[in-house]
Amino acid sequence: MPELPEVQTVVSTLELEIKDREIVGMDIIYPRIIEGDPEIFRDKMLHQHFRNFNRRGKYLLFEMDDFTFVSHLRMEGKYFVLDENEETKKHDHIIFYLDDHRKLVYNDVRKFGRMEIVPKDDRYDDFHGLGLEPFDERFDDKYCLEYLNGKNKPIKTMLLDQGFIAGIGNIYADEILSAIKIHPLTMAKDLKKNDCKKLVYETRRILSEAIEAGGTTIRSYTSSLGVTGRFQLNLRVHTLKECPKCKSEIQKITVGGRGTYYCPKCQKLK
């Protein structure tokens, strides 16, 4: 699933391509992607302009003239900007025709993606129950300690909890835990103040580097217009066979139903 850096890459790329473009037509080929009545969605979207481009967790937020158009890519959703005459492909489900004779195409092999219209908001603090953004100044060691206090769940599970930190998924959770040298099965309640300081620092560092590199491409995910991630070249544990630091064999276990990679020598269970 695309995580925060991948979603940010899509948002930034689309901003360069379609900012201030007007929607002059729409094809809704697979209506279930739309939350609510697809005809109402179409009527509201027509003649709106893409004004501002933001992200909240793993959600893309397109601020239009009168509201915010929200899109979640889920497992394999992708956006492409194409000439309006280009042939529609098998997994193209929603097509927005633009006023410059191009089209914004939403393609999704699994059809898990979702779109909705919501009122405009300054910060989207209460949006879909999401926790703080990793780059929010309120995300600090005090916040982490308070949130994790008494949580008898593995820290890997908590990093995937979007109510704790918005935008982190399986890949970056593994990489963050590797960076702070904590075993993924360590109970969240056992993290100390210094652990939380490292967690905040490494979360921001890793996500910043991933955004700069264009995210991480795993399996078939690519961002808009063929931009693919290069952060995969910097992975320390996820999907690797050997720890780059100590050369120990990387172990794979299942935590909360998710495949989890860690170095048994560098990451000790608290």
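The values are calculated or read from the model by the stated rules, or taken from the named source; none is laboratory data. Predicted, not measured: the structure shown is a model, and the values here were computed from it. Every residue, glycine as well, gets a Cβ built from its backbone with ideal geometry; the counts of neighbours run over all protein chains shown. Remember, those area values only see protein heavy atoms, side chains included, never the ligands or the DNA or RNA. Shrake-Rupley method; radii C 1.70, N 1.55, O 1.52, S 1.80 Å.
Structure data summary
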| quantity | calculated |
| --- | --- |
| In the stretch 1-11, the residues that are part of a loop (DSSP other than H, G, I, E, B) and either out of contact with any Leu (no Cβ under 8 Å at 6 or more places or on another chain) or open to solvent by 40 Å² or more (accessible area, probe 1.4 Å) (or both) | 1, 3 |
| Odd one out for residue 94 among (1) within 14 Å of the chain's Cα centre (by Cα); (2) over 30 Å from residue 269 (Cβ atoms) | (1) |
| Residues located in the stretch 137-160, provided they are part of a loop (DSSP other than H, G, I, E, B), under 19 Å from residue 5 (Cα atoms) and touching a helix residue (DSSP H, G or I) at 6+ places or on another chain (Cβ under 9 Å) | 139, 160 |
| Within the stretch 180-208, tally of residues that are more than 20 Å from the chain's Cα centre (by Cα) and farther than 17 Å from residue 256 by Cα | 11 |
| Checking residue 15 against (1) on the phi < 0 side of the Ramachandran plot; (2) open to solvent by less than 10 Å² (accessible area, probe 1.4 Å); (3) under 24 Å from the mean Cα position of the chain (by Cα), the condition it does not meet | (2) |
| Residue match in the stretch 241-249 (condition: open to solvent by 80 Å² or more (accessible area, probe 1.4 Å), at pLDDT below 95 and under 17 Å from the mean Cα position of the chain (by Cα)) | no |
| Set 195, 190: member being buried (at least 18 other Cβ atoms within 10 Å of the Cβ), within 16 Å of residue 154 (Cβ to Cβ), among the acidic types (Asp, Glu) and at pLDDT 95 or above | 195 |
| Selection within the stretch 22-52 - farther than 27 Å from residue 169 by Cα, among the charged types (D, E, K, R) and open to solvent by 70 Å² or more (accessible area, probe 1.4 Å) | 37, 39, 43, 44, 51 |
| Residue satisfying condition, being open to solvent by 20 Å² or more (accessible area, probe 1.4 Å), touching a strand residue (DSSP E or B) at 6+ places or on another chain (Cβ under 8 Å) and hydrophobic (A, V, I, L, M, F, W, C), within set 159, 132, 145 | 132 |
| Unique match (being modelled with pLDDT under 95, closer than 15 Å to residue 14 by Cα, out of contact with any Leu (no Cβ under 8 Å at 6 or more places or on another chain) and not small (Gly, Ala, Ser)) among 120, 89, 78 | 78 |
| The stretch 96-117 - residue that is open to solvent by 50 Å² or more (accessible area, probe 1.4 Å) and in a strand (DSSP E or B) and, of those, nearest to residue 11 (Cα to Cα) | 114 |
| Residue match in the stretch 132-143 (condition: in contact with a Leu (Cβ under 9 Å, 6 or more places away or on another chain), on the phi < 0 side of the Ramachandran plot, modelled with pLDDT under 95 and of a type outside the set (Phe, Trp, Tyr)) | no |
| Residues satisfying the stated conditions in the stretch 56-88, i.e. surrounded by 19 or more Cβ atoms within 10 Å (Cβ to Cβ), in contact with a strand residue (DSSP E or B) (Cβ under 7 Å, 6 or more places away or on another chain), not hydrophobic (A, V, I, L, M, F, W, C) and not in a loop (DSSP other than H, G, I, E, B) | 59, 68, 71, 72, 77, 78, 79 |
| Hits in the stretch 121-136 (condition: among the small types (Gly, Ala, Ser) and part of a helix (DSSP H, G or I)) | 129 |
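Yes or no, residue by residue, for (1) outside any strand (DSSP E or B); (2) over 20 Å from residue 118 (Cα atoms):
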position	(1), (2)
13	yes, yes
27	no, yes
39	yes, no
94	no, no
